[in-house]
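Below you'll find the structure, written out as structure tokens, and then a few comments.
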Amino acid sequence: MTVKANTQIFLNYVDGEWCESISKEVIGNESPSNTEDVVGSVQKSTRKDLEEAIAAAKSAKKKWGNLTGNERADYLYKAADILESRLEEIATCMAREMGKTLAESKGETARGVAILRYYAGEGLRKVGDVIPSTDSEALMFTTRAPLGVVGVITPWNFPVAIPIWKSAPALIYGNTVVIKPATEAAVTGAKVIECFADAGFPSGVINMVTGQGSVIGQGLADHPDVNGITFTGSNKVGRQIGQSVLARGGKYQLEMGGKNPVIVASDADIDLAVNATISGGLRSTGQKCTATSRVIVQSDVYESFKDKLIEKVREIKVGNSLLDETWMGPSSSEGQLDTVLSYIRKGINEGAELLIGGERLTGGDYDNGYYVQPTVFEGVTNEMAIAQEEIFGPVLALMKVNSLEEGLQLANDVEYGLSASIFTTNIKKMLTFINDMEAGLVRVNAESAGVELQAPFGGMKQSSSHSREQGQAAIEFFTAIKTVFVK
Ligand SMILES: NC(=O)c1ccc[n+]([C@@H]2O[C@H](COP(=O)([O-])OP(=O)(O)OC[C@H]3O[C@@H](n4cnc5c(N)ncnc54)[C@H](O)[C@@H]3O)[C@@H](O)[C@H]2O)c1
Ligand SMILES: O=CCCC(=O)C(=O)O
């Protein structure tokens, strides 16, 4: 897009300085709620810009790694305080830039503050164990060493929480960071990095380079001085990054897509299940990796569940993400909207029955943004694209089953395994679901979305590189265990 004269331009952050890319080119971001609202522009960086950031992170790593956990924690606490003081402004920027409603954007920014404080606390927690040696005169224990330079590659859908849930543990465990935020939400990303910069982190400890995934993301994955890559995004890009890092012997962590089921059993609290399906599937316009997309309902409660669901979906207010009355904002970009509409067409062409929605919203203010109706299909069979592929939009696929066994079999019959939930009042069904569901996050009588920062998070099957992040699990990726034997 053409960048308007008064657009605020955000710089890269390299070696403690805000700097222009040597390309002298920028990428402008407009709001998906109203494309006339230009949120800002970011640097279209080159490999040379990235080289400088990686060199800065490499030269800062020894001194940073040698600080005590307590000293590193002080910087994280300061960043948390600054982010908290800018919560309103940064949440508003997020809502404008990627279309999440303001209320959800505020919630996510507050979550960023809490994540920073949680990992600051890690600076004073134990890192190893004493292990009895077979030699009575020896002391054996484990400690942990940071990886060194960590490359952080993040998606646009949680532009505050995800960069923080990756960078904060990397930093507290003694690594230095080069982050490449998703371009679509890089203005919000830059504001998060401003909080780190203003907290006074030593030069080179945290660096940000914006630009194209194929240039900056791939450049991080390929660079021999980047010791670990933590990536969240699509499966296509994740697999490519994993292969690049593996080829040069680096460490990687990939958190990717989902096709998350909800099972509604015949003994479920139907109102609870309806509300949770709507919240889990349609909040954030369905753009959560944990979003509900397949709704598997036992036949004896199917009709009552469906009627209540449609009634509630009809009440959803779609609109500009900044307005108080808006429950669901736009798709985050034109490309995302086109993807959603193309899946809706596929659903219809493959024989699913459209119960509600299915259209782009037009007329009045809708014409300036990327709005789509919340959409529900029924008669969805498992081989259909809308049952198998991640849509990343407000589309629910209803599937009717005769038993829990059939429901579980259907729920597991996809390549993904990120999150899943069941609605039931029967303890045996809960336990069967917990045991048999192939997902990294299983929730009972709660929506499929909703991640708690102190608990491990990650997927099974194609949703992840089988690693976990957040909570205490983060230490496993960001450090290497050293076994020490002293005599
Ligand atoms: N499992 C999780 O924790 C989780 C969380 C949030 C989002 N996601 C997933 O993220 C996806 C949506 O995010 P997205 O559209 O930003 O994903 P994406 O894969 O397109 O992009 C993710 C990041 O990778 C970069 N990138 C793009 N091409 C690249 C390349 N060739 N080499 C290196 N880097 C490259 C992008 O610029 C961006 O920073 C969905 O699939 C969603 O499920 C997963
Ligand atoms: O998009 C993936 C992250 C999901 C998340 O943080 C949540 O469901 O709360």
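No lab work stands behind these numbers, since they all come straight from the coordinates. Everything quoted here is computed from the prediction, not taken from an experiment. Counting neighbours? That spans all protein chains shown, and the Cβs are built from the backbone with ideal geometry, glycine included.
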| query | Label points 7 Å out from Cα along the Cβ direction at residue 19 and residue 425: separation in nm? | reply | 6.5 nm
| task | With θ set to phi - 60°, apply the Karplus curve 6.51 cos²θ - 1.76 cosθ + 1.60 along the range 47-63 and write out the HN-Hα couplings as whole Hz, x wherever there is a Gly or Pro. | result | 4, 5, 4, 5, 3, 5, 5, 5, 4, 5, 5, 5, 6, 8, 5, 5, 5
| By a straight-distance test (C-alpha under 20 Å), which lysines pair with residue 106 as possible cross-link partners, with residues fewer than eight away in the same chain excluded? | 78, 166, 191, 288, 317
| said: Once R0 is set to 22 Å, what does the formula 1/(1 + (r/R0)^6) return for the Cβ-Cβ distance between residue 51 and residue 9, expressed as a FRET efficiency to the nearest 0.05? | reply: 0.50
| Built amide H within the under 5 Å cut-off of residue 289, gap 5+ | none
| field | Near-label residues of the range 295-311 by backbone N, under 16 Å of a point 7 Å along Cα→Cβ of residue 405 | value | 299
| Segment residue 338-residue 129, extension gain: residue separation times 0.36 nm, minus the distance between their alpha carbons | 70.0 nm
| query | Under a no-solvent Debye model with one identical scatterer per Cα of the range 260-452, what's log10 I(q)/I(0) at q = 0.13 Å⁻¹? | reply | -0.62
| query | FRET efficiency for residue 136 and residue 480, Cβ-Cβ distance as r, R0 = 25 Å, nearest 0.05? | reply | 0.30
| request: Take each of the peptides 113-121, 19-27, 89-97, 185-193, average the number of other beta-carbon atoms within 10 Å over its residues, and list them starting from the highest. | output: 185-193, 89-97, 113-121, 19-27
| query | How many percent of DSSP beta bridges within the chain run antiparallel, rounded to 5? | reply | 40 percent
| field | Distance in nm between pseudo-label sites at residue 89 and residue 225 (7 Å out along the Cβ direction from Cα) | value | 3.2 nm
| query | residue 349 versus residue 59, label points 7 Å from Cα toward the beta carbon: distance in nm? | reply | 5.5 nm
| query | How large is ³J(HN,Hα), in whole Hz, for each residue of the range 40-46 in order, when computed from phi with the Karplus curve 6.51 cos²θ - 1.76 cosθ + 1.60 and θ = phi - 60°, using x for Gly and Pro? | reply | x, 9, 10, 5, 9, 7, 10
| said: Output wanted: per-residue J couplings in Hz (rounded whole) for the range 311-318, from phi through Karplus 6.51 cos²θ - 1.76 cosθ + 1.60, θ = phi - 60°, x for Gly and Pro. | reply: 4, 6, 5, 4, 7, 5, 9, 9
| note | Given backbone amide H placed at 1.01 Å from N, residues whose amide H is under 5 Å from that of residue 260, ignoring those fewer than 5 places away on the same chain, are 293, 294
| query | log10 I(q)/I(0), Debye, Cα-only the chain, no solvent, q = 0.07, 0.09, 0.13 Å⁻¹? | reply | -0.38, -0.62, -1.20
